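Below you'll find the structure, written out as structure tokens, and then a few comments.
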Amino acid sequence: AQYWLPFNGVREVLAVLKKRSIGRGIISNWDQTARDVLTASGLIEFFDHLVISCEVDCTKPDKRIFEIALQQAGVSASDCIYIGDNYYDDALGSRKVGMNALVINRFGKLGVEEITDCPVIHRLSDLFDHI
């Protein structure tokens with residue numbers, strides 16, 4: 001059985017980004033199953049770089065995991081937008097290295113009412129308003 005399934009519209013957004021030659025990567029606090037799950041869900045093909053916490057021995061929001069990703073991708077932080085679902089790990093973590101950040105909250109405003117310093121999007125396709 002497949003336990004991890006992508007949200008609706010994720011493949012389509014990733015396909016558009018890939019077609020436009022916009023780099024895509026994952027920075028994740030995950031265990032050794034990450035690559036297998038991404039492969040099984042058909043998403044791994046959409047990513048240029050994967051930085052998985054168990055493989056690099058640090059976790060978000062530690063700035064080192066973001067620095068590793070930037071180094072792998074060969075890009076500057078100012079050329080990136082980090083999208084995550086956890087304000088503290090994702091938005092604050094990525095900002096430590098100078099990345100722009102978006103918080104994705106597919107459930108309306110519940111749980112993010114206090115966030116005023118970071119754009120909140122409700123579906124992945126909303127990122128096109130920010131790039």
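List of remarks:
- Mean Cα-pair separation over length for the chain, i.e. relative contact order, pairs under 8 Å, 6 or more apart, %: 18
- Nearest-20 debye value, the chain charge dipole, Cβ charges on Lys, Arg, Asp, Glu: 320
- Residues whose placed amide H lies under 5 Å from that of ALA101, excluding near-sequence neighbours: TYR82
- Length released on extending from THR116 to ASP129, taking residue separation times 0.36 nm less the Cα-Cα span: 2.9 nm
- Area of TYR88 that stays accessible when all protein chains are in place (1.4 Å probe, Å², to 10): 130
- Taking a ≥ b ≥ c as the square roots of the eigenvalues of the alpha carbon gyration tensor, the stretch 16-87 is oblate, as a/c is not under 1.5 and a/b does not beat b/c.
- Helix-only [θ]222 nm of the chain, DSSP H runs n ≥ 4, -39500 (n - 2.57) each, per residue, nearest 500: -6500 deg cm²/dmol
- Gain on full extension, evaluated as 0.36 nm per residue between SER41 and ARG11 minus their Cα-Cα distance, stands at 9.8 nm.
- Per residue convex hull volume, Cα atoms of the chain, in Å³: 112
- Accessible carbon and sulfur surface of the chain relative to its total accessible area, %, 1.4 Å: 52
- Area accessible to solvent at ILE68, 1.4 Å probe radius, in Å²: 50
- Per residue accessible area in Å² of the stretch 1-101, where ligands, DNA and RNA are left out and the probe is 1.4 Å: 60
- Using R0 = 25 Å, the C-beta based FRET efficiency linking SER78 and ARG20 works out to 0.85.
- Within the chain, longest stretch clear of exposed GluC sites (Glu not before Pro) (DSSP loop, no more than 13 other Cβ within 10 Å): 1-112
- Charge sum, other residues only, whose C-beta stays under 10 Å from SER94's C-beta, Lys/Arg counted +1 and Asp/Glu -1: +2
- The Cβ shell under 11 Å around GLU55 holds other residues with a net charge of -1, Lys and Arg each +1, Asp and Glu each -1.
The values are calculated or read from the model by the stated rules, or taken from the named source; none is laboratory data. Keep in mind it's a predicted model, so treat the numbers as computed, not measured. Here the Cβ is made from the backbone with ideal geometry for all residues, glycine too, and neighbour counts use every protein chain on show. Side chains are part of the model used for accessible areas, which takes the heavy atoms of the whole protein and leaves out ligands, DNA and RNA. Shrake-Rupley method; radii C 1.70, N 1.55, O 1.52, S 1.80 Å.
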